[in-house]
Amino acid sequence: MILILNGTHEGTNWTNFMLSVIDYTSAFDRVASYVANGLVLENATLIEGGNRMELPIEAFDGQSFSGQFDKIQQQWEAIFDDRPLPLATLDKQRFVNWNRRLIDYYDQQINHTIKSILRLSKKLKRISSPPASAAKQEMAKQYSQLLKRRYIRIASLEASRQNAIAYLKEIESNTT
């Protein structure tokens, strides 16, 4: 696999910076480590064989992905292991437990996104202090865009969480 990065680091433009990576997780972790060290991504591309994939740069906030992928995989496997059946044939408590785990998942994702917002806000504040060079202004613009995306994600996660809570209350109130 080949990872290609474009961005700006301390006023220096990185154009078509290429790295060889062994798998997706290592590719994501490499991008995250560069972002953690100050690279402001413009785009990131992963090429495997004849396939080219543009990576969503808003997903890279400097945090390692490997631990997060493992957690998400474990959470979804646990959720799908107890995939609900139609309510009429389902043991009510099992369905309630499944929905509670789903709500816990949303809580964890919301907390992770809030931490990301706090880190990005600190970075934005640090680079926004005078004197603001053109490179710092561009970085500030990039961080502001990332923050907007994180706030949209929080709203989406919170809406999904509220729907899951409402559905859980409905299930718990139905006595069969």
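FYI, it's all coordinate maths here, none of it is from the lab. The structure presented is a predicted model; accordingly, all values stated were derived computationally and were not measured. Here the Cβ is made from the backbone with ideal geometry for all residues, glycine too, and neighbour counts use every protein chain on show.
To keep it simple, each residue is scored yes or no on (1) without any contact (Cβ under 8 Å) to a residue 60 or more places away in the chain; (2) over 29 Å from residue 126 (Cα atoms); (3) loosely packed, with under 13 Cβ neighbours inside 10 Å.
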{"site": "15", "(1), (2), (3)": "yes, no, yes"}
{"site": "21", "(1), (2), (3)": "yes, yes, no"}
{"site": "48", "(1), (2), (3)": "yes, yes, no"}
{"site": "55", "(1), (2), (3)": "yes, no, no"}
* Answer residue from segment 120-134, given it is surrounded by fewer than 17 Cβ atoms within 10 Å (Cβ to Cβ) and under 17 Å from residue 145 (Cα atoms) and is nearest to the chain's Cα centre (by Cα) among those -> 121
* Asked: Hey, any hits in segment 148-170 for a residue that's in contact with a strand residue (DSSP E or B) (Cβ under 8 Å, 6 or more places away or on another chain) and either closer than 20 Å to residue 106 by Cα or surrounded by 12 or more Cβ atoms within 10 Å (Cβ to Cβ) (or both)?
  -> no
* When residues of segment 130-159 are limited to those that are touching a Ser or Thr at 6+ places or on another chain (Cβ under 9 Å) and hydrophobic (A, V, I, L, M, F, W, C), the one farthest from residue 114 (Cα to Cα) -> 135
* To do: Could you grab the pairs with beta carbons closer than 7 Å, sequence gap of 6+ or different chains, first residue in segment 119-145 and in contact (Cβ under 8 Å) with a residue 40 or more places away in the chain, second one assigned to a helix (DSSP H, G or I) and of a type in the set (Phe, Trp, Tyr)?
  => 120/143
